[in-house]
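Colleague: I'd like to ask you about the structure that follows.
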Amino acid sequence: MNKIGKKKSFFEVSTIFFMVIFSFSTAIADTQQYRFDVHIRGIKAGVLRYALNSQGEKYSIHGILESTGLVGILVRYKFDAQALGNRFGNTYQPEYYSEVSDTGRRKSEKVIRYRSGVPEVTSKKPKKPHWLDPSTQKGTLDPMTAMAALLSDQLKKNLCELNLPMFDGTRRVDITLSGLKMTEKGPRCTGVYQRIGGFTEKEWSDGESFPFILDYEFEGGLYRVKRFDITTLRGRASFVRK
């Protein structure tokens, strides 16, 4: 597809998203803003910021993850994602998801629509043999919804009780929280990021499960994530809330 076609497809995706947002933003809505500084091996590498808008059972999310500082000069990366759907407490049912990633060298787009909980993926990338069939991934969450659910503010009774099956259009992982522990600084949850399918043999050999920790603080009647630490192939990554 030529450049004009690419611009048109992204414009249409954005238009659909903002029309849906506007359709329920005229009523009283609850909007929460989140920002996390991203550190890899102790060095600030980027920033994650997103807004979660709720109106009744409807939710919408717009988030951006991008490199900053010296890392941003050496390795440019920007990930812009949007999602919307229905939410019932800690249960999410996505209806639409779109993402645009830009590494400076390559830009890619992806759209996932959900029909009765089954994801339907639109992407210009040619399908690879190891990718999962989207029709087998009913009930999964898109990456933006899963991330927002993981980092969302919680009541004490709901701490460490999340199970998030995530499908990004090609690969499936399960994100599970458990092991509530009270520390001197507040509640801590331990969890596992578990690869399920859609990965290459090289990726499987690099690891199947990656442990992580969520630290909470009490504020405004809710427990909010103040720090998220996960072991990655590039070392320990930390998301520190600002």
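Read-outs: derived from the displayed coordinates by stated rules, not from any lab. Since we're looking at a predicted model, the values are computed, not measured. Every residue, glycine as well, gets a Cβ built from its backbone with ideal geometry; the counts of neighbours run over all protein chains shown.
Colleague: If the viscosity is 0.890 mPa s and the temperature 25 °C, what Stokes-Einstein diffusion coefficient in µm²/s follows for segment 110-167 when Rh is the Kirkwood radius over Cα pairs? Before the final figure, lay out each step's value.
Modeller: Values: Rh = 13.2 Å.
Translational D for this selection: 186 µm²/s.
Colleague: If you don't mind, another one. Strictly over 29 Å apart at the Cα level, which of 58/78; 78/202; 138/226; 58/157; 110/138; 110/202 would you flag in this model?
Modeller: 138/226
Colleague: Charges only on Cβ, +1 for Lys and Arg, -1 for Asp and Glu: so what's the dipole of segment 3-241 about the Cα centre, in debye to the nearest 20?
Modeller: Values: 38 positive and 26 negative charges, 162 e Å.
Once rounded to the nearest 20, the dipole reads 780 debye.
Colleague: How much space per residue, in cubic angstrom, does the convex hull of the C-alpha atoms of the chain take up? Mind dumping the intermediate values first?
Modeller: Values: hull volume 34.5 nm³, N = 242.
Hull volume normalised by residue count: 143 Å³.
Colleague: May I ask for the Rg/Rh ratio of segment 80-203, computed from Cα atoms with Rh as the Kirkwood radius, given to two decimals?
Modeller: Across segment 80-203, the Cα-based Rg/Rh ratio is 1.01.
Colleague: Taking Rh as the Kirkwood radius computed over C-alpha pairs, what is the Stokes-Einstein D of segment 62-112 at 10 °C in a medium of viscosity 1.306 mPa s, expressed in µm² per second?
Modeller: Here the translational diffusion coefficient equals 127 µm²/s.
Colleague: How large is the helix-only mean residue ellipticity at 222 nm for the chain, computed as the sum of -39500 (n - 2.57) over DSSP H runs with n ≥ 4, divided by its residue count, in deg cm²/dmol to the nearest 500?
Modeller: Numbers: 4 runs with 43 residues, N = 242.
Rounded to the nearest 500, it is -5500 deg cm²/dmol.
Colleague: In segment 168-214, what trypsin sites (Lys or Arg not before Pro) fall in a loop by DSSP, with at most 16 other Cβ atoms inside 10 Å?
Modeller: Taking segment 168-214 and a limit of 16 other Cβ atoms within 10 Å, the loop trypsin sites (Lys or Arg not before Pro) found are 185.
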